[in-house]
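Single-structure report; data block below.
The values are calculated or read from the model by the stated rules, or taken from the named source; none is laboratory data. All figures in this text were calculated on a predicted structure; none of them were measured in a lab. Note that each Cβ is placed from the backbone with ideal geometry, even for glycine, and that neighbours are counted across all protein chains shown. Remember, those area values only see protein heavy atoms, side chains included, never the ligands or the DNA or RNA. Shrake-Rupley method; radii C 1.70, N 1.55, O 1.52, S 1.80 Å.
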Amino acid sequence: MATCDLFDVWSKACNNYDLPEASIRSWYERIKTKLSDEDSKRVYHNWSFMMAHKRPELERAKPHIVLAAFFQYYEFDLQKNCVAENCEIFREFCRDAMVEDDDVKQIVCHLLGEKSTEPIPSDIEDDQAKLQDLDLLILASPTDVYKNYAELSRQEWLNAGKTNYEELRRKTLTALLALDIYQTSDFNAKYAKSARSNIEQELKDLE
């Protein structure tokens, strides 16, 4: 796998909260190592493919969205929801890096999927949409990259012991075509046409 250096993106987000350089560097390496684990069932949801393809938009994202993107798949299992584990890892990072901003802790955990009874900033839905669009950015890749992504997703699904990949893949792709693929206007303007073309071709290939 090709290496992917995202330290500048990570450190820029962390420096927004005046975090210690040692913690910034140690946690960057810890996250990178975790997402690069070749012994896990990660085939697509890893550092060198998934995270690398998010870079162009991560460079422009709000700091708390960047933090959420880095912790979103720290723990990953197609068989179960890992929200609680990933929120706990993020809180460990906050303790280690002495993050004092309680609002950012709450916002990032909310973006990671944690339910909260506390008041949430009114623009959190826009941030959630941006994080989801980052996940779907791969759909607008050049044709050869998209085909590789589709194959990696299939392998990941099969590695998890699931056998109905093609059926569920068709349902997922068809549902995406029935909606606006991207929830944010900037992603929709830049990427929707390419994503739609790739999805339509994959559906033909699955016939």
Checking T3 against (1) at pLDDT 95 or above; (2) in contact with a Phe, Trp or Tyr (Cβ under 9 Å, 6 or more places away or on another chain): exactly one of these is not met. Which one? (1)
I need every pair where a residue in segment 108-131 that is within 22 Å of L179 (Cα to Cα) has its Cβ under 7 Å from the Cβ of a residue that is open to solvent by less than 70 Å² (accessible area, probe 1.4 Å) and in a loop (DSSP other than H, G, I, E, B), sequence separation at least 6 or different chains. A129/T184; K130/A61; K130/T184
Contacts under 7 angstrom Cβ, first residue in segment 36-61 being small (G, A, S), partner open to solvent by less than 10 Å² (accessible area, probe 1.4 Å), 6 or more apart: S36/N46; S36/W47
Scan segment 183-202 and report the pairs whose first residue is closer than 25 Å to D127 by Cβ and whose second residue is open to solvent by 60 Å² or more (accessible area, probe 1.4 Å), with Cβ atoms within less than 8 Å and a gap of 6+ or a chain change. Q183/Q132; T184/D126; N188/D180; A192/D180
Among (1) modelled with pLDDT under 95; (2) over 13 Å from the mean Cα position of the chain (by Cα); (3) surrounded by 14 or more Cβ atoms within 10 Å (Cβ to Cβ), where does A52 come up short? (2)
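Please determine, by comparing only the residues of segment 151-186 that are outside any loop (DSSP other than H, G, I, E, B) and among the polar types (S, T, N, Q), which one is nearest to M50 (Cα to Cα).
Here is the first cut: in segment 151-186, the residues outside any loop (DSSP other than H, G, I, E, B) are 151-159, 165-177, 185-186.
From what's left, among the polar types (S, T, N, Q): 153, 155, 159, 172, 174, 185.
Numbers: S153: 11, Q155: 14, N159: 17, T172: 19, T174: 22, S185: 22 Å.
Per the stated criteria, the residue is S153.
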Restricting segment 148-171 to residues that are polar (S, T, N, Q) and under 21 Å from the mean Cα position of the chain (by Cα), which is farthest from R42 (Cα to Cα)? N148
Given (1) within 22 Å of A160 (Cα to Cα); (2) free of Cβ contacts under 8 Å to residues at least 24 places away in the same chain, number of the condition E88 does not satisfy: (1)
Which is farther than 29 Å from A150 by Cα, open to solvent by 20 Å² or more (accessible area, probe 1.4 Å) and acidic (D, E), of E21, E29, E85? E21
Within segment 73-96, work out how many residues are charged (D, E, K, R) and assigned to a loop (DSSP other than H, G, I, E, B). 3
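Taking R60, is it under 18 Å from I124 (Cα atoms) and surrounded by fewer than 16 Cβ atoms within 10 Å (Cβ to Cβ)? Steps first, please.
Numbers: under 18 Å from I124 (Cα atoms): yes; surrounded by fewer than 16 Cβ atoms within 10 Å (Cβ to Cβ): yes.
In short, yes.
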Has segment 187-206 got at least one residue that is assigned to a loop (DSSP other than H, G, I, E, B) and open to solvent by 90 Å² or more (accessible area, probe 1.4 Å)? no
